[in-house]
Amino acid sequence: MAGRWAGWLVGGIGVFATLGVLSGLVRAPESPEAFVDRWLQSVAGEGAADRGWSQLSDHVRARLGSDGAYVADASEVDWSGFRWHLAESYAVESWLWTVAVEVDGGLAAVPDFLRIEQLVGPSCADAASPGIRLMVARDGLSGPWTLGPGALTGTSERALLLGRCS
């Protein structure tokens, strides 16, 4: 009888140990805000060597052409004055999110590279602290996030070109 209890005890410890190891391997999915912050760090040269190319959606990569040109263009930018703070975000669909980012200095402080390549859109909802917005999507409910193209209206394009909301 004591041997059976010892077997159950050893088996139970083994199950809990296995679950503990597996829980260490399974991470909670990254939030859209954390993804945007990581991509901005990457494109600014603080992260991945590919400057965030691998984090772009297939559609955006196809529009931009080659990773070499993207990395070269991103590398030419002086990112030292580009400071951002994550603001609000909301789900358009469960797989598609808009993330607003406040930028110190407003739209005029957004590097031309991000505006010209239309990797970001203007966020002018709060005129006191204008910034940018990014669209992020994922494949399914647990796939990795990718940076998608933001829908630009005529007003959005004008704000990006002018570097200010008006």
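Each value in this text was obtained by applying a stated rule to the coordinates, not by laboratory testing. Keep in mind that this is a model prediction, so the values were computed, not measured. Cβ coordinates were reconstructed from backbone atoms using ideal geometry, including for glycine residues, and neighbour counts include every protein chain displayed.
Worth pointing out:
- Local electrostatic count, residue 113, Cβ distance below 11 Å [Lys/Arg +1, Asp/Glu -1]: -3
- The residues neighbouring residue 72, those whose beta-carbon lies less than 14 Å from its own, together hold a net charge of -4 under the Lys/Arg +1, Asp/Glu -1 convention.
- Electrostatic tally near residue 98: other residues with Cβ closer than 12 Å to its Cβ, Lys and Arg +1, Asp and Glu -1, net -2.
- The stretch between residue 90 and residue 141 holds 16.8 nm of extra length on full extension. This uses 0.36 nm per residue minus the Cα-Cα distance.
- Positive dipole terminus of the stretch 31-162, leading residue within 95, 123, 39 (C-beta point charges): 95
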